[in-house]
Amino acid sequence: MNDGTQRRASRRAFLRGGSALFASAATFTAMGSGALWAGAPAVSLHPKARPHDFHKRLVGGAEELINASGLRGRVAYAVAHVDSGLLLESRDSAVGLPPASVMKTITALYALEALGEAYRFKTRLAATGPISGGVLQGDLVLLGGGDPTLDTDALADLVTQLKAAGVTRITGRLHVFGGALPYQREIDKGQPDHVGYNPAISGLALNYNRVHFEWRRDGNSYGVAMDARSKTQRPAVTMARVRVVNRAAPLFTYKDGGGRDDWTVASAALGTRGSRWLPVRKPEIYAGEVLRALAHAKGVTLPAPAVTKSLPKGTVIAQVQSAELRVILRDMLKYSNNLTAEMCGLAATVARDGRAVSISASANAMARWAEGALGMPRAKLVDHSGLGAASRVQAGDLVRALNAARKTTVLSTILKPVAMRHNNGKVNSAHPVKVRAKTGTLNFVSALAGYMTGPDGTELAFVIFTADEDARARIARKDRERPQGGGAWNKRSKRLQQKLIERWGTLYGS
């Protein structure tokens, strides 16, 4: 068959098929449309509407998220409905893990209960004798009142009041009293000597018991300066000294110089210029020296400060006070200042028990209080800040405490907003889940606890603890400021925390 024959045959076949088609059409017309649908399917062919909770069925399991995170160590969490108190989901919630700075939520509740949210700390100047002709006939006493926020500007205010009281010099001594709270050389002995977040604690603290160290290279040597700077003041400090030493390591060394903090720093680490805050180990001497320098600048002559362990009697001639405790705790939860947590916790113990012997003893008192007041019978607490890694808190216990606190305290209003983020790490301000919580970070420990509000307005209390304690145990003391691998581990933990929160927002809040 050639091409022409093939085309003719195809045409005949088409025409025959067309006749059959037209015949079928005629038959359809004669029968009517009803006959065609006599065997129609019983179920509509239109797509069915998805169930209202279809989006929840697509949410993966928590174990999927944990496995996909690549996070080494243990993950524990608990999430509960605020209104009903119902525990919605948990994992290893009865396992005690380091809370890190999430501890500060417990401390905030402890201080609020013992002191009250309107409480203000007071720092005073007292005179032990009369004032005549510009001369104080007796001693001047700087009385610390446990204020964790006292700064150089506040001391300058005291000096202004001192001069307004008619004092230009004194015949006696300048006493400094910090005994309202117990003295402790540092919060946690396991930290590097030079980190500013681990200062001494006492009833008198200035600038969070930190001194500002600044250096500038000048040829083959360095010029250094130590000061107690604040917003408006920058008095020089001599009770803390730093010598630059030609070495590569260690970065810093510390020696107790009697009435002075003596530091050395490795020249190899300094570069051309820079600055950092160093911890103060002698807070009363520090505050007394700064007060004396500020007084000198105002024309008031004072002798060198002397620390007194007993509370002297005298007449108050100047006083400054802190912001309300609610504000102090709000800032503590936002900036996670360890000294503020320890001093507020110690002050709460003094208010409840009449005295506090040490940070650890005060933390034990707080744990006993938490058992009765918050329903946390298994908390092991070694401090008020969470800096000590030996503390252990169970996620299930803490989520119950947060649930109870939501109804009876201001905690939820003073926790900081925690931003949800896009996959690229940028803040997602339009995210439907809103979080107010406290973060907690130690080396290879990351925690988050607080409250979240889902897209439909449902409020949940949650606690997430993550910890790789084996990795922590391998860190040398000299490397604890920035251990290798710690930053990457922390990022993975924070990504997992957000994934869990988003999961809960979908399952229980939408």
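The values are calculated or read from the model by the stated rules, or taken from the named source; none is laboratory data. The model shown is predicted, which means the values in this text are computed figures rather than measured ones. Glycine gets a Cβ as well: all are built from the backbone with ideal geometry, and neighbour counts include every protein chain shown.
Here are some notes:
- Selected residue [over 18 Å from LEU442 (Cα atoms) and either under 23 Å from the mean Cα position of the chain (by Cα) or of a type outside the set (A, V, I, L, M, F, W, C) (or both)] from TYR110, TYR77: TYR110
- Among (1) assigned to a loop (DSSP other than H, G, I, E, B); (2) touching a Lys or Arg at 6+ places or on another chain (Cβ under 7 Å), the one test that MET376 misses: (2)
- Subset of region 57-71 [surrounded by fewer than 11 Cβ atoms within 10 Å (Cβ to Cβ) and either charged (D, E, K, R) or modelled with pLDDT under 95 (or both)]: ARG57, LEU58, GLY60, GLY61, GLU63
- Every condition in (1) farther than 15 Å from ALA114 by Cβ; (2) modelled with pLDDT of 95 or more is met by PRO312 except one, and the failing one is (2).
- Considering the conditions (1) more than 24 Å from PRO305 (Cα to Cα); (2) in a loop (DSSP other than H, G, I, E, B); (3) not β-branched (Val, Ile, Thr), GLY179 is excluded by exactly one of them, (1).
- With respect to the stated conditions, SER446 is touching a residue at least 24 places away in the same chain (Cβ under 8 Å), closer than 30 Å to PRO250 by Cα and of a type in the set (Ser, Thr, Tyr).
- The lone exception for ALA356 - which of (1) touching a Pro at 6+ places or on another chain (Cβ under 8 Å); (2) assigned to a helix (DSSP H, G or I) it fails: (2)
- Evaluation of SER230 against (1) touching a strand residue (DSSP E or B) at 6+ places or on another chain (Cβ under 7 Å); (2) more than 17 Å from THR264 (Cβ to Cβ); (3) not aromatic (Phe, Trp, Tyr) (one fails), failing number: (1)
- Of all positions in region 339-348, none carries a residue that is part of a loop (DSSP other than H, G, I, E, B) and either modelled with pLDDT of 95 or more or surrounded by 23 or more Cβ atoms within 10 Å (Cβ to Cβ) (or both).
- Qualifying residue in region 83-93 (condition: in the same structural domain as THR466 (by TED's automatic domain parsing), of a type in the set (Lys, Arg) and within 22 Å of the chain's Cα centre (by Cα)): no
- Meets criteria (in contact (Cβ under 8 Å) with a residue 24 or more places away in the chain, assigned to a loop (DSSP other than H, G, I, E, B), among the small types (Gly, Ala, Ser) and more than 23 Å from MET376 (Cα to Cα)) for SER493: no
- Tabulated pairs, region 213-239, first within 16 Å of VAL280 (Cα to Cα), second at pLDDT 95 or above and basic (Lys, Arg), C-beta under 6 angstrom, 6+ apart or interchain: PHE213/ARG276; ASP227/ARG234; MET239/ARG260
- Per-region count, region 442-457, residues assigned to a strand (DSSP E or B) and of a type outside the set (A, V, I, L, M, F, W, C): 4
- Filtered residues of region 299-328 (kept if closer than 21 Å to THR128 by Cβ, in a loop (DSSP other than H, G, I, E, B) and either over 38 Å from the mean Cα position of the chain (by Cα) or assigned by TED's automatic domain parsing to the domain that holds ALA348 (or both)): VAL300, LEU302, PRO303, LYS313, GLY314
- Residues that are under 17 Å from the mean Cα position of the chain (by Cα) and among the hydroxyl-bearing types (Ser, Thr, Tyr), drawn from region 361-401: SER385, SER391
- Given (1) in the same structural domain as ALA437 (by TED's automatic domain parsing); (2) touching a strand residue (DSSP E or B) at 6+ places or on another chain (Cβ under 8 Å); (3) basic (Lys, Arg), index of the condition ARG368 fails: (2)
- Flag if MET343 is touching a Leu at 6+ places or on another chain (Cβ under 8 Å) and among the hydrophobic types (A, V, I, L, M, F, W, C): yes
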